[in-house]
Amino acid sequence: MLSPREKEIAAAYTRGDNYQRIAAHFHIAPSTVRTHLATIYRKLGVSSKIELLKALEGEQPKSKSSEEQATLISELALSLEEAISRERALSEVLSIISRASGDVQEVISAVLGYALELCDAQYGILFAFSPEKGFKATYIKEIPLAFQTWLSEQGWFHVNPNTGLGRMASATDIINIADVRMEEIYRHGDPLRDATANLGGARSFTAIPMVSKEGLIGAFTIYRQQLRPFDDKSLQLARIFADQSVIAIENARLVSEIGNGRDK
C-alpha cells in the first residue's frame, strides 16, 4: 500500500527519528514529512506510532468503524495544521530576528505573541536575570494591568527559592506548575506567588531558562488563567521561543557593540 519513499519515511519515524532528521536525510521540508506521515497513517488505518510499527512488521490493524476512521482522519488533519502553523510561526520569528537590526523590543514582542498563540496561553513575560540584582520583568505581552503595575513597582527583585522562578534559576531547567494556587508557597503568602495568582489571575504556569554562553540571563514565562497544565508539546514550543529570545538579545548586543566600535 505504501510507496518506496513512504516506506522509508515510516521506517525512520518508527525508529525514533523526528521530522527534522527525516527531512534532512531525504532533503525535503519537515512539513512534507508530516504530509507523508498523514498519508501513511490513512493508508494503513493506524492512529499511533506503535500501530504503525506493528503494521510495518506485517500485523494487520484492527478494523475500525467508519466513525472511528472519520475521527482519526480529522485528528490527523488538525495535528497537521497545528504543526504547519508552528513551523510558519518559527520561520516568521527567524525572519523578524534577521530584519530587526538590533531592535530587541520588536523581536521579543513578536516572539511572546507567537508563544501565547501557539501555546494557547493568556499572557507572557520575559524576565531579565542578574546574579546580584535578581529578576526584572523586561518584556510583557497581554499581562493584566494590576500584575503589570506590581511588577513595574518591584523593578529588580530577588525571589524565594521555592517560587517557580527560584526553582528554575537553581536547576537551570524548565519548571512546569500545574496549579499555582495549590502549592504551599501560595498558602504562605509569598509576594510574587500572591501577585501571580491574585493580580495576574494565573492558574497554570511554566518558566523556561534563557541561557547564553555567560550562563542564565533570564526566564521566559507563560501563563494560563484556567487550570490547564502545559503539556510536553507546549513546553517544547516554549523552550524554542525562549531560545529565539536569547538569539535576539545576543544579536542586539552584537549590533550595539559594532555600532559603538564605529563611533570610536
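The values are calculated or read from the model by the stated rules, or taken from the named source; none is laboratory data. Just so it is clear, the structure is predicted and the values come from calculations on it, not from any experiment. For neighbour counting, all protein chains shown are included, and Cβ atoms are generated from backbone atoms with ideal geometry for every residue, glycine included.
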Discussion item. Among the listed residues Val246, Val255, identify the single one that is surrounded by fewer than 21 Cβ atoms within 10 Å (Cβ to Cβ), at pLDDT 85 or above and either farther than 20 Å from Phe205 by Cα or among the hydrophobic types (A, V, I, L, M, F, W, C) (or both).
Written reply: Val246
Practice prompt. Considering only the stretch 120-229, give the helices (runs of 4 or more DSSP H) lying wholly within it that have at least 1 residues that are buried (at least 21 other Cβ atoms within 10 Å of the Cβ), touching a helix residue (DSSP H, G or I) at 6+ places or on another chain (Cβ under 8 Å) and at pLDDT 95 or above.
Written response: 145-154, 164-171, 191-194
Item to complete: Please specify each residue of the stretch 42-54 satisfying the condition of being in contact (Cβ under 8 Å) with a residue 24 or more places away in the chain and either under 16 Å from Asp17 (Cβ atoms) or among the aliphatic types (A, V, I, L, M) (or both).
Response: Leu44, Lys49, Leu52, Leu53
Discussion item. Gln20 - would you say it is assigned to a helix (DSSP H, G or I) and modelled with pLDDT under 80?
Written reply: yes
